[in-house]
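Student: Could you have a look at this structure, given as structure tokens, before my questions?
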């Protein structure tokens, strides 16, 4: 009776002294229940005084008096406080009579909420090594992690069994952790991860959360996951670190994921990252750092992805992928895996970026390093498009041969950028370096375009790997650019150093306006049709610099053609034909300077059809060979082919002037030479010209051709008179 009187006395005094909104019933089981005073009709005791009755709206609640520690009054609140205390839990539930029920068993907490309050908060704190927090709710709610550490030995640490949105707030200055068990108790409900939600899951705040999964995903939503703030660390996950169904978005905060399976995976929807910092580390085979079955858009933030398993992928999307901002670094070390198929195998590559559709870069800064066997930098099943930003790719893995699915010996190799469709590099900066055996810079099954009329970019491509034999006479070669379709260079600065071909196309190569510098190659440019309209082109090759060919070989006209319509062209071949066409050569303008090979049978210019020159300036140094060719007699412009039986030392000037002493050409070949082919509009029919060698010039030397200044001190060699379209003379 004394306890009853005390409770009643406290109730009366508190109501009298304080104009509070809520009454709080503090129970001995550490559960505090709140009720609106305005909704409380009455409080009374049973006849024997053992039970207290509370009439609250339409509910009559009764509690043994022995279980009531006290009653207090306070302000109204929509926050349920749950504090884990080892094997037990204390709960303050201000909404106990407003549709929120909190059931506690040991350290297992289950919430059932039918409250229509849109801003119900659940604040979790404390530590338990054998507990959980489960929610059933008809409405969206906020989950505040306020320094909580939950380990559940037989299931998820947090299990949200509602399709409504959960806003998970990491309170400032707090450190939180969640860990599941290595075995889950049987349940008819989904329990896919350490932190699981049937509905939308949004993260915010400035605190930290560490999640460890010993059996399943670390964080999973059957709807979407959105990260706006906080520091979230997945320290380990047997499956995916982050797994969403509808979509995954991130605009702020820090996310660090270490997972056995995928780092971030969106099962059916898209991935969009606009801010924050993301780091993923994956070591298992055939997994992805960030993966979407739909589209992927990265428009901001800092992304660092590391994958080391064979055939794994850094970024992977089944639909279009767009990198429009942010800083993205991807490191891969996994190797190719041969998957049984048909009569052989299909290679499955470890790729930094793999897009099953079209891939676009428009503003992002991308750095990729691939070290595994046949590793790929960027690989798209459709098109690769770059509009702005930077791409820097290094691959070091070797290639090898294998038997493909139709039983034919084939090869796989590392490639910096590859596409089954077209590749268009229109703006920004691209650096690609492949050092492995047979490794390639850029490979396109469709067309390859650099720049457009309004945009230019910087492209640097390097390959250094050796070739290897595939079968018969077929080698896998370390080409800088390889395209099955047309290669078109419209603008920009292109620098290439290649262990094999600089640019090879099965269709055509067209240069409209650009600076193209191939400083090392076996063959500089090779295609059935090569066209230079304008620009500055310089090629250093051990074989042919320009090789227009349909691949048939031989000395017959195969219908290929080399078109020289303008620009400034410098060709330097040490052991091949700098100007080579298995068909025709057509020159209408520009300046073409050719430093011919060291020795015959190679010559400065070689064509199987005709070489018709109607404009421009052409100067070629060559070898002592009866195969030395000048332009065809069907040319509009006049030419001269001058030969000598004695080698002229490299660097010795070759000079032609007219009868009035006007200079036509002063040329400094970089190798010893026996022949000079010269064509210019300055050559006139019936005019007499004089050849000198040696001497000096005060003019400006550009790639061996002097402009301006005064020539002097040379040795007179020969005078000749132009009598036909091609004048043959000796000196």
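Only the coordinates and a few stated rules stand behind these numbers; no lab work does. Because the structure is a prediction, the values reported are computed rather than measured. Positions of Cβ are backbone-derived with ideal geometry, glycine not excepted, and every protein chain shown enters the neighbour counts.
Student: Tell me the label only: which of (1) 139, 56, 33; (2) 83, 68, 55; (3) 77, 58, 50 is Cα extents along the principal axes in Å as calculated from this structure?
Tutor: Of the labelled values, this structure produces (1).
Student: Same structure, new question: P(r) of the range 165-313 in 10 Å steps, Cα pairs, percent per bin?
Tutor: 13, 45, 36, 6, 0
Student: What fraction of the DSSP beta bridges in the range 43-157 is antiparallel, stated in percent and rounded to the nearest 5?
Tutor: Taking every DSSP beta bridge within the range 43-157, about 50 percent pair in antiparallel fashion.
Student: Related question: Out of all DSSP beta bridges in the range 263-306, what portion is antiparallel? Express it as a percent rounded to 5.
Tutor: Values: 0 of 11 bridges.
The antiparallel fraction comes to roughly 0 percent.
Student: Sticking with this structure for a sec: When DSSP assigns beta bridges and you keep just the ones with both residues in the chain, what percent turn out antiparallel, to the nearest 5? Don't skip to the answer; put the middle values down first.
Tutor: Details: 77 of 315 bridges.
Beta bridges within the chain, antiparallel portion: roughly 25 percent.
Student: List 250, 321 from most exposed to least, where exposure is judged by having the fewest other Cβ atoms within 10 Å. Display every interim value, and only then the final one.
Tutor: Values: 250 28, 321 25.
Final ranking by Cβ density, sparse to dense: 321, 250.
Student: As a test of the definition: which semi-axes, in Å, follow for the range 640-730 when you take the square root of five times each eigenvalue of its alpha carbon gyration tensor? Largest first, please.
Tutor: On the way: eigenvalues 75, 50, 27 Å².
Ellipsoid semi-axes (Å, largest first): 19, 16, 12.
Student: Here's another thing I want to ask about it. Can you tell me the relative contact order of the range 640-730? Whole percent, Cα pairs under 8 Å, sequence separation 6 or more. Intermediate values should be presented prior to the final figure.
Tutor: Working: 192 pairs, mean separation 29.9, N = 91.
Relative CO of the range 640-730 lands at 33 percent.
Student: Follow-up question, since we're still on this one. I'd like the distance separating the alpha-carbon centroids of the range 396-417 and the range 224-299, in whole Å.
Tutor: First find each Cα centre; the distance between them is then 31 Å.
Student: In whole Å, what is the distance between the alpha-carbon centres of the range 30-88 and the range 303-357?
Tutor: Cα centroid of the range 30-88 versus Cα centroid of the range 303-357: 59 Å apart.
Student: Considering Cα pairs under 8 angstrom that are at least six residues apart, work out the relative contact order of the chain and quote it in whole percent.
Tutor: Values: 2618 pairs, mean separation 28.9, N = 731.
Normalised by residue count, the contact order of the chain is 4 percent.
Student: Counting other C-beta atoms within 10 Å, which of 203, 716, 73 has the fewest, and how do the rest follow?
Tutor: Numbers: 203 25, 716 10, 73 19.
Ascending Cβ contact count within 10 Å gives the list 716, 73, 203.
Student: Obtain the nm distance between the two label points defined at residue 346 and residue 464 by a simple spin-label model: each point lies 7 Å from its Cα along the Cα-to-C-beta direction.
Tutor: Distance between label points: 3.5 nm.
Student: Between the range 177-215 and the range 432-446, what's the alpha-carbon centroid distance in Å?
Tutor: Between the Cα centres of the range 177-215 and the range 432-446 lies a distance of 43 Å.
Student: With each run of n ≥ 4 DSSP H residues scored as -39500 (n - 2.57), what mean residue ellipticity at 222 nm is computed for the chain after dividing by its residue count and rounding to the nearest 500 deg cm²/dmol?
Tutor: Details: 1 runs with 16 residues, N = 731.
Value at 222 nm, helices only, nearest 500: -500 deg cm²/dmol.
Student: Let me ask something additional. Please work out, to two decimal places, the log10 of the ratio I(q)/I(0) at q = 0.22 Å⁻¹ from a Debye calculation in which every Cα of the range 85-181 carries one identical scatterer.
Tutor: -1.20
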